[in-house]
2 protein chains.
Amino acid sequence: MPSDTGPIDHFWAVIPAGGAGTRLWPLSRSSVPKFLHDLTGTGRTLLQGTLDRLAPLAAERVVVVTGRPHRGAVSDQLPEVDADWVLAEPSPRDSMAAIGLAAALLERHDPDAVMGSFAADHVIADPDVFAASVRVAAEVARDDWLVTLGIEPAFPSSAFGYIHLGEELAGHGGATSVREFVEKPSVRTASEYLATGRYRWNAGMFIVRPTVLLDLLGRWHPEFAADLRAIAADRSRLEELWPGLPKIALDHAVAEPAADAGRVVCVPSAFRWEDIGDFDSLASLVGADAEGAAVLGDASLVRTVDSTGLVVPAAGRVVAVVGLDDVVVIDTPDALLVTTRARAQDVKQVVAELKESGRSELT
Amino acid sequence: MPSDTGPIDHFWAVIPAGGAGTRLWPLSRSSVPKFLHDLTGTGRTLLQGTLDRLAPLAAERVVVVTGRPHRGAVSDQLPEVDADWVLAEPSPRDSMAAIGLAAALLERHDPDAVMGSFAADHVIADPDVFAASVRVAAEVARDDWLVTLGIEPAFPSSAFGYIHLGEELAGHGGATSVREFVEKPSVRTASEYLATGRYRWNAGMFIVRPTVLLDLLGRWHPEFAADLRAIAADRSRLEELWPGLPKIALDHAVAEPAADAGRVVCVPSAFRWEDIGDFDSLASLVGADAEGAAVLGDASLVRTVDSTGLVVPAAGRVVAVVGLDDVVVIDTPDALLVTTRARAQDVKQVVAELKESGRSELT
C-alpha cells in the first residue's frame, strides 16, 4: 500500500503555464498572463497556488513549462523550483508539445517517473481531496494507464468537456475505464449526462508514466513523439525542432484516441475545482453569488449602492457602483473594463479590437 | 425701438455661480463644482459658456457671485470680467442672497441698471434666440416688472418647475403676465400643462431693475432687503450681516409672491435649454440618445461593444464597456463611478457615504 501522506515515490508534477487569459483582460495581459496573478485574494498567484497544492506530493520534483517571455516571472514566483526545470518554450505550441517536452525529458531523467500534469491557472478548494485522488491516480498510472481525474460536476456546465465513465477497474478502488471524452455539450445535454451519474468534468489533469504518454503519442503522431525525444536527447536541437511541432492539445493528440483504444482510466474525484475562464467564473469564485457585490482586492476602496457582481479595484482608486446587477468592474492603472457577468466572454472582442487599433501594449 | 444687436444699454449680467453639483460626482467636486467644468465638450466650461452668451448683451457689465473658495478659479476662467465684480460669498446662503447682493451693489453703482440673472451651469443651444428674448425682457423690465424667461417645454418634464402664463401684456409683443409659478409636477400633470399651451419651463432666469427686485423683496422680507442694502452701502459690513441672511431661493422669496401680486411678466422663449442636473441629462446633452454610447472627452480612449449610455474617460485611461445599456461610466484620476442613466440621481448617496466615512477629500 502506498503511503497516504508525504511525497509520492518518483512522482513529478508538471505544470504547463501558458495561455494569455484574454477573457480576463485587463487584469490578465499577454505580458502578465492570468497564472501570474492572485485572482483568489489569498496573497498567492494561481501559479503559486498550483505549486502549493502539488509540492506535498512531488517535493522538489516539479517541472514548469512556460513561454519564454514569462520564464523570469515564473522563476521569481517559484523560488523553490529548480531553475533548470523551468522550461521555456521558444513559441506557444499548445499543450501536447509543452507536456510532451516535459515527458521526454523525464523519460531520460527518471525511468521510474510517474508524471502528473496540472494547469497553472486552476483553483481547487479541497487540496486534501485532490491529493488523495492524485495518489490513487499515480498508483494506477504505474500499471501503464493514461489516468485522468474526473471531477464530480457541480452543475450541468456547458463550458467544460466531459469524461464518459465505463467499467470499474479491478484492483484500483473507484477507478474506472474511460469510454470517451466528449466535447462541451449544451446545458440540456449536460443535464442528461448528470442524470446518468456516469459523466465527469474533464479538467485536463493527466497522470501517466512519461514513456506511456510518448508511446501513445507515437501511435497517432509518430514524428511528433520522435521529435520530442530527439530534443530530450540533445537539447541544442530545441530551436530547430520546436517550430515544426504540431499545435494540438494533449486531449486531441492522445487522450481521445487512447480512450477509443481502451487505454484511459479515470479516477473520479469530488474536490471543488474552478477554471477561472472569465470574470463570471471569477465572480463565482470570490463570492459574488451572495448578496451585494464581491470585491477582489481592497474592499475599503469600493462603494456600492443596490448593486451585485464583481469589483476589482486594482488601481487604488475609489470605485463607486450604483444600481447595477451582476456588473463586472475591473479597474487597473491603465485600462478599465465595465461589463456584466453574462457578457464576460465578450471581453476578448475588446482585446482583439485593441490589438487591431494599435494598442497592443494594453493587451 | 431698442437695437437688436450690440450691448443693451445699462444691462448688467449677473451670474450666480454656486452649487456643488453632487449628482455629477466624481466629475464635479465641492472643490471644483460643475460650472468650472467643460461638460459639453466645447473646450469652454459651463461658466465660460454662460459668459460667452451674455457678453454680447452686457459688454463689460458682468457680475459673478460665487463661493469664497471658488473666487480664484472663477477669475482665472473669466479674465474678461473685472475682478471687483467677482463677488465672493462668505458662505452659501442660496440664490436670493447671492442675486440680492448683486442687486444692492448695482442699485448704487448704476441707477439706470437692468440686471439679468442667469445661472452659471446652464447650457443653451441657441444663443441668438436667447439674446433676442433677453432684449425683449430688458425692455419690459424697464417698466418695473419682474421679468422671467419662460422656456417652451420640449417634453413633459417632472424635473422642472413651470410658469403658468396669464394675459398678454399690452405694448410688449409676446410678453404675458404670470399667473403663478408651479412646483415640479408629476409627468402626468406636466402633460396636462403642455396640452394647454399656457405653461413654460421655469429656468430661474430673471430680468429686473435692481431697485424693483429689492423693493419686492422688502415687501415680504424687509430686514433681508435692508441688510443687503446696508452691505452695499458699507461693504465692510458683509462679514457681520451675511451669516444672518435667510437661506432662501429667489423664486420663493420674491418671484412667487410677486406673481400673486401681479408684478411678474414672462417672455416666452423657444431656445433649447439644458440644466445639467445629473448624468442622465448630461448623457442627453452629449448625444447618448442616439445609437451607441456617447463619449465626453477623448473618444479614442473608449471601446464599446453592444453598449449605450455615457462614458467620460477623464483619467486618460482606456475604458472598455461590453454589453450594458444606458450605462454611465465616469473615469477620473482618483475616483470611478459606474451607474445607469436611470439611477443617476442616486450618485449623491455615494457622495454622502464618502463624506461620512472620512473620504471628504474625494467629494
Exercise. Residue check, A:Glu353 against (1) within 22 Å of A:Ala20 (Cβ to Cβ); (2) at the interface with chain B (Cβ under 7 Å from one of its Cβ atoms); (3) in contact (Cβ under 8 Å) with a residue 24 or more places away in the chain, all met but one. Which one?
Worked result: (3)
Exercise. Picking from B:Ala195, B:Ala255, which residue would you name as being surrounded by fewer than 15 Cβ atoms within 10 Å (Cβ to Cβ) and among the aliphatic types (A, V, I, L, M)?
Worked result: B:Ala195
Seminar exercise, completed: Exactly one of A:Pro243, A:Pro257, A:Pro210 is at pLDDT 95 or above and touching a strand residue (DSSP E or B) at 6+ places or on another chain (Cβ under 9 Å), and that one is A:Pro210
Exercise. Looking only at segment A:139-173, which residues are over 19 Å from A:His10 (Cα atoms), out of contact with any helix residue (DSSP H, G or I) (no Cβ under 6 Å at 6 or more places or on another chain) and not in a loop (DSSP other than H, G, I, E, B)?
Worked result: A:Gly150, A:Ile151, A:Ile163, A:His164, A:Leu165, A:Gly166, A:Glu167, A:Glu168
Problem set entry | Test: B:Gly277 is touching a residue at least 60 places away in the same chain (Cβ under 8 Å) and under 30 Å from A:Lys355 (Cα atoms) | no
For this session: Using the structure shown, decide if A:Ala170 is of a type outside the set (D, E, K, R) and touching a Phe, Trp or Tyr at 6+ places or on another chain (Cβ under 9 Å).
Result: no
Exercise. Restricting the first residue to segment B:216-232 and requiring it to be within 15 Å of B:Ile248 (Cα to Cα), which pairs with a second residue that is among the β-branched types (Val, Ile, Thr) meet a Cβ separation below 7 Å and a spacing of at least six or different chains?
Worked result: B:Leu216/B:Val254; B:Leu217/B:Val254
Problem set entry | Subset of segment B:290-325 (residues that are closer than 15 Å to A:Trp25 by Cβ and among the aliphatic types (A, V, I, L, M)) | B:Val305, B:Val318, B:Val319, B:Ala320, B:Val321, B:Val322
Seminar exercise, completed: All conditions in (1) closer than 26 Å to B:Ala131 by Cβ; (2) modelled with pLDDT under 95; (3) crowded, with 19+ Cβ neighbours inside 10 Å are true of B:Leu51 except (2)
Seminar exercise, completed: When B:Gly21 is run through (1) touching a helix residue (DSSP H, G or I) at 6+ places or on another chain (Cβ under 6 Å); (2) at negative phi, the failure sits at (2)
Exercise. How many of the residues in segment B:255-295 are of a type outside the set (Lys, Arg) and under 30 Å from B:Gly174 (Cβ atoms)?
Worked result: 24
Exercise. A:Asp251 passes all but one of (1) farther than 30 Å from A:Asp144 by Cα; (2) part of a helix (DSSP H, G or I); (3) away from chain B (no Cβ under 14 Å); which number fails?
Worked result: (1)
For this session: Would you mind finding the one in B:Ile248, B:Ile276 that is at pLDDT below 95, of a type outside the set (Phe, Trp, Tyr) and touching an Asp or Glu at 6+ places or on another chain (Cβ under 9 Å)?
Result: B:Ile276
Exercise. Across segment A:331-350, which residue is nearest to the other protein chains (Cβ to nearest Cβ) among those that are within 14 Å of B:Asp306 (Cα to Cα) and free of Cβ contacts under 8 Å to residues at least 40 places away in the same chain?
Worked result: A:Arg343
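Here's the yes/no breakdown for (1) under 21 Å from A:Glu107 (Cα atoms); (2) in contact (Cβ under 8 Å) with a residue 12 or more places away in the chain; (3) hydroxyl-bearing (Ser, Thr, Tyr); (4) surrounded by 15 or more Cβ atoms within 10 Å (Cβ to Cβ):
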{"site": "A:Phe11", "(1), (2), (3), (4)": "yes, yes, no, yes"}
{"site": "A:Val14", "(1), (2), (3), (4)": "yes, yes, no, yes"}
{"site": "A:Val32", "(1), (2), (3), (4)": "no, yes, no, yes"}
{"site": "A:Thr45", "(1), (2), (3), (4)": "no, yes, yes, yes"}
{"site": "A:Ala55", "(1), (2), (3), (4)": "yes, yes, no, yes"}
{"site": "A:Val63", "(1), (2), (3), (4)": "yes, yes, no, yes"}
{"site": "A:Arg68", "(1), (2), (3), (4)": "no, yes, no, no"}
{"site": "A:Arg71", "(1), (2), (3), (4)": "no, yes, no, yes"}
{"site": "A:Ser75", "(1), (2), (3), (4)": "no, no, yes, yes"}
Problem set entry | Qualifying position, being assigned by TED's automatic domain parsing to the domain that holds B:Ile15 and buried (at least 22 other Cβ atoms within 10 Å of the Cβ), among B:Ala103, B:Ala83 | B:Ala103
Seminar exercise, completed: Listed by first then second residue, the pairs whose first member lies in segment A:131-156 and is assigned by TED's automatic domain parsing to the domain that holds A:Arg209, whose partner is hydroxyl-bearing (Ser, Thr, Tyr), with beta carbons under 6 Å and at least 6 positions apart or on separate chains, are A:Ser133/A:Ser269; A:Leu149/A:Ser133; A:Leu149/A:Ser269; A:Ile151/A:Ser269; A:Pro156/A:Ser191
For this session: Could you tell me which of the residues B:Val136, B:Val187 is in contact with a strand residue (DSSP E or B) (Cβ under 9 Å, 6 or more places away or on another chain) and not basic (Lys, Arg)?
Result: B:Val136
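One line per residue, one yes/no per condition, for (1) more than 16 Å from B:Ala119 (Cα to Cα); (2) among the aliphatic types (A, V, I, L, M); (3) outside the structural domain of B:Trp85 (by TED's automatic domain parsing); (4) in a strand (DSSP E or B):
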position: B:Pro16; (1), (2), (3), (4): no, no, no, yes
position: B:Arg23; (1), (2), (3), (4): yes, no, no, no
position: B:Leu27; (1), (2), (3), (4): yes, yes, no, no
position: B:Phe35; (1), (2), (3), (4): no, no, no, no
position: B:Asp38; (1), (2), (3), (4): no, no, no, no
position: B:Arg44; (1), (2), (3), (4): no, no, no, no
position: B:Thr50; (1), (2), (3), (4): no, no, no, no
position: B:Ala55; (1), (2), (3), (4): no, yes, no, no
position: B:Val65; (1), (2), (3), (4): no, yes, no, yes
Problem set entry | Every residue from segment A:185-215 that is in a strand (DSSP E or B) and under 14 Å from A:Leu250 (Cβ atoms) | A:Asn202, A:Ala203, A:Gly204, A:Met205, A:Phe206, A:Ile207, A:Val208
Exercise. When you go through B:Gly262, B:Gly292, B:Gly297 one by one, which is the residue that is over 21 Å from the mean Cα position of the chain (by Cα), at positive phi and buried (at least 18 other Cβ atoms within 10 Å of the Cβ)?
Worked result: B:Gly297
For this session: Please specify each residue of segment B:332-363 satisfying the condition of being among the hydroxyl-bearing types (Ser, Thr, Tyr), part of a loop (DSSP other than H, G, I, E, B) and surrounded by fewer than 17 Cβ atoms within 10 Å (Cβ to Cβ).
Result: B:Ser357
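The values are calculated or read from the model by the stated rules, or taken from the named source; none is laboratory data. All values reported here derive from a predicted model rather than from experimental measurement. Here Cβ is always computed from backbone atoms with ideal geometry, including for glycine, and neighbour counts include all displayed protein chains.
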